[in-house]
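Here's the structure we're looking at; comments come further down.
The values are calculated or read from the model by the stated rules, or taken from the named source; none is laboratory data. Only a predicted model underlies this, so the values are computations on that prediction, with no experimental measurement involved. Virtual Cβ from ideal backbone geometry, glycine too; neighbours counted across all protein chains shown. Please note that ligands, DNA and RNA were not included when accessible areas were found on the heavy atoms of the full protein model with its side chains. Shrake-Rupley method; radii C 1.70, N 1.55, O 1.52, S 1.80 Å.
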Amino acid sequence: QVRVVESGGGLVQAGGSLRISCVVDGTIFEFRDLDWYRQAPGKQREFVAASSSGASPVYAHSVKGRFTILRDNAKSTLYLQMNTLKPEDSAVYYCHVSDPPRDYWGQGTQVTVSS
């Protein structure tokens, strides 16, 4: 059974930085496609960033240049470094693991950016 656990969310002022983490176990982490998504109240869940083994990271236009997705295969951990945060970045951030034929999601971690 694959387990996905996010952590590191919190309250930060606009312009600040935050790093959130996602620990994955129960699968061969280094071979998996991993993504960050987010969902704000009243909005659909949206893609933020993706990390695929052996490929360059992919970012949503809204976060490109401010967010960095990182993976530590030795620790089976995915990170999202978020800089120059804006109030519109406030959302619950979810880690997604593609382990064909199934997909796995964590419970999410809340990020709130105050203006």
Which aspartates and glutamates, if any, have their Cα less than 12 Å from the Cα of Lys75, not counting same-chain residues under 8 positions apart?
Asp25, Glu30
Under the Karplus relation 6.51 cos²θ - 1.76 cosθ + 1.60, θ = phi - 60°, what is the ordered set of whole-Hz ³J(HN,Hα) values for the range 5-19, x standing for Gly and Pro?
10, 8, 7, x, x, x, 9, 9, 7, 4, x, x, 10, 7, 10
The set of residues whose placed amide H lies less than 5 Å from the amide H of Val2, leaving out same-chain residues fewer than 5 positions away, is none
Amide H neighbours of Gly16 under 5 Å, at least 5 residues apart or on other chains, H built in the peptide plane: list them.
Leu85
Over the range 58-109, what relative contact order in percent results from Cα pairs under 8 Å that are six or more residues apart?
22
The summed charge of the Gln107 Cβ neighbourhood (under 14 Å; Lys/Arg +1, Asp/Glu -1) stands at +2
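Translational diffusion coefficient, Stokes-Einstein: compute it for the chain using the Kirkwood radius over C-alpha pairs as Rh, at 37 °C and 0.692 mPa s, and state it as an integer in µm² s⁻¹. Numbers along the way, then the final one.
On the way: Rh = 14.1 Å.
After rounding, the answer is 233 µm²/s.
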Which ³J(HN,Hα) values in Hz, rounded to whole numbers, follow from the phi angles of the range 43-60 under the Karplus curve 6.51 cos²θ - 1.76 cosθ + 1.60, where θ = phi - 60° and Gly and Pro get x?
10, 6, 5, 10, 5, 10, 7, 9, 10, 10, 4, x, 10, 6, x, 10, 10, 5
Students often forget the sequence filter, so: which lysines lie under 25 Å Cα-Cα from Lys64 once same-chain residues fewer than 8 apart are removed?
Lys43, Lys86
Computed over the chain, protein heavy atoms only, probe 1.4 angstrom, the accessible area per residue in square angstrom equals 54
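First compute the accessible area of the chain with a 1.4 Å probe, then give the percent of it belonging to carbon and sulfur atoms. Intermediate results must be reported in sequence, preceding the final value.
On the way: 3000 of 6210 Å².
Carbon and sulfur: 48 percent of the exposed surface of the chain.
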For the chain, averaging the sequence separation of alpha carbon pairs under 8 Å that lie six or more residues apart and dividing by its residue count, the contact order in percent is 37
